[in-house]
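Novice: The structure that follows is given in the form of C-alpha cells.
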Amino acid sequence: MTRRISAVRRPQAASRRTQGGAAFLVMVLMLGIVAASIIVAAAPAANTQLAAAEKTAQALATAREALVAYAVSVPDSGRLGDLPCPATSYADGQTATSCNTASSRMGYLPWKTLGLPDLRDGSGSPLLYAVSNGFKYNTRTGTLNSDTAGEFTVSGENAIAVVFAPGLALGTQNRSAATFDVANFLELDNANGDTTFAASLQTDNFNDRLLWITPRAFFPALEMRALRVAQERLNHYVSVTNRYPRSNRYLNDYSCWDNGGRLPYPVSGNPCLPGGNGATASQWTMAWPGWFFQNYWDYVLHYAVSTRCITTSGGVCDGAGNLLTLDGQANVRALLIRQGIPNGQTRPCTLVSQCLDDPENRNSDTIYVTPSAGNDRLTVVATQP
C-alpha cells in the first residue's frame, strides 16, 4: 500500500517541478525582452551623444591645428608666431583689426581667416577662441620666440591660446544677443574674464569643452622655420665668401667665440662676419626676415662651426684645425641646435650651460651628440665631402 501511494505521488512532484521550471524560463524570457527594449530605446540617444562628442573633438582639433599653421606661415614682413585676433562676428569669420584689451582677446574663432569651413561643435554652437596678449598680431607686444610664455592657465598648464566648444545654452544664456558676451556661451571660471580656464567634467551647469595650445606644442614648428632660415643664410654666406661666420659669444656683446654660441648679429663692427669675394664685412650676404633678429631668434639657436671653416686660402674649410665631431663622426662643418622652451634654465642665457640640455653639447668643445633627452634638437648645416 505504501508503494501504491508513493507511485501515485511521484508524478505529481515531477509535474510541479516541470511547471516551476517552465515558469522560470518564461520569467527570464520576459525580463530579457524588457531589457532588450530598454537597450533598443536607449541606443539612438547614446549614438547621438557619441556623434556630437566626436564632432566637437574634431572641430576643436582642426581649429588648434589651423592656428599653429597660421603662426608658422606668416610672411617675412610679419612676425613668426603671430596669431589672429578673435572675430567679432561668427558669420563674418574674419579676424578683428586689433584686440588690445583683455575682453577683445576672447571672441569667436576667425574661421574664414584661418581658411576653415564653418566649424561648429556637436550642438551646433560656434567655436570661441582666446589669444594671449604677447601673441596677438595687432598690436604686437614685446618679443616673440620660444622663450615666450602664454598668459593663460588651463588645468595647471601654461597656454598660448584656447579654443572653446560652448555646447548647448544653459540657464539664462542668450546666444542671439547682438553684442558678444562670453557669459552667454561659457560657464563658471571660463566666463569670469580672467586668464585661468577650467576643463572639467560636464555637469548640469557646465558643458564647456576646450582645447588649448601649450608652448611645448606650439614652438617646435616655429623653431624649424627659424632654423631653416638660418641654415639657408649660412650656406649662402659660404657660397659667397668661401667661409662660415664665427659665432657671437652668449654675452650681450659682439665678441667672437669659436666654441659655439649665437649666430652673429649684423651690426657695424661685428668681427664675426668677415667680408670677402665682394661681401661687406659685418653683414650677411642674404637678407634676414625682419622678425628673426628683432625677436631674438638668434638667442634660442646654438650655432657651432669648425675652426677649419672660418678662414680660407681659397677653398671652403681648408683652414687649420679640426672639423666638428657628431656622434663619433668628425666630418661636420657647422651645426645648429634648437634650444626649445626653457627647461628649468635661465633665459635669455649668457652661458651655453644655461641654454642647452645635453652635458656633452654644452661643455664648449668640438664634440657633439644627437640630444637624447630634454628639448634640444640638433641639425647639421653641412658636412665635409
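The values are calculated or read from the model by the stated rules, or taken from the named source; none is laboratory data. In this text, all values refer to a predicted model and were calculated from it rather than measured experimentally. Cβ atoms come from the backbone with ideal geometry, glycine included; neighbour counts cover every protein chain shown.
Novice: Being in contact with a strand residue (DSSP E or B) (Cβ under 8 Å, 6 or more places away or on another chain), of a type outside the set (S, T, N, Q) and under 24 Å from Asp357 (Cα atoms): is that true of Leu251 here?
Specialist: no
Novice: Got a sec? Which of Ala87, Ala102 is among the small types (Gly, Ala, Ser), touching a residue at least 24 places away in the same chain (Cβ under 8 Å) and more than 23 Å from Ala57 (Cα to Cα)?
Specialist: Ala102
Novice: List every residue pair whose Cβ atoms lie under 7 Å apart, where the two residues are 6 or more positions apart in sequence or sit on different chains, the first residue falls within the range 354-375 and is at positive phi, and the second residue, located anywhere, is among the acidic types (Asp, Glu).
Specialist: Every condition considered, the pairs that remain are Gly374/Asp357; Gly374/Asp358.
Novice: Can you name the condition, by its number, that Leu324 falls short on among (1) over 28 Å from the mean Cα position of the chain (by Cα); (2) on the phi > 0 side of the Ramachandran plot?
Specialist: The single condition Leu324 does not satisfy is (2).
Novice: Consider the range 278-333. How many of its residues are outside any loop (DSSP other than H, G, I, E, B) and among the aromatic types (Phe, Trp, Tyr)?
Specialist: Count: 6.
Novice: Mind listing just one residue for me: the one in the range 356-385 that is modelled with pLDDT of 90 or more and hydrophobic (A, V, I, L, M, F, W, C) and, of those, surrounded by the most Cβ atoms within 10 Å (Cβ to Cβ)?
Specialist: Among those that are modelled with pLDDT of 90 or more and hydrophobic (A, V, I, L, M, F, W, C), it is Leu356.
Novice: Is at least one residue of the range 239-251 in a loop (DSSP other than H, G, I, E, B) and exposed (fewer than 14 other Cβ atoms within 10 Å of the Cβ)?
Specialist: yes
Novice: While we're looking at this one, here's another question. Would you confirm whether any residue within the range 203-214 is among the basic types (Lys, Arg), modelled with pLDDT of 95 or more and in the same structural domain as Ser123 (by TED's automatic domain parsing)?
Specialist: Yes, the range 203-214 has at least one match.
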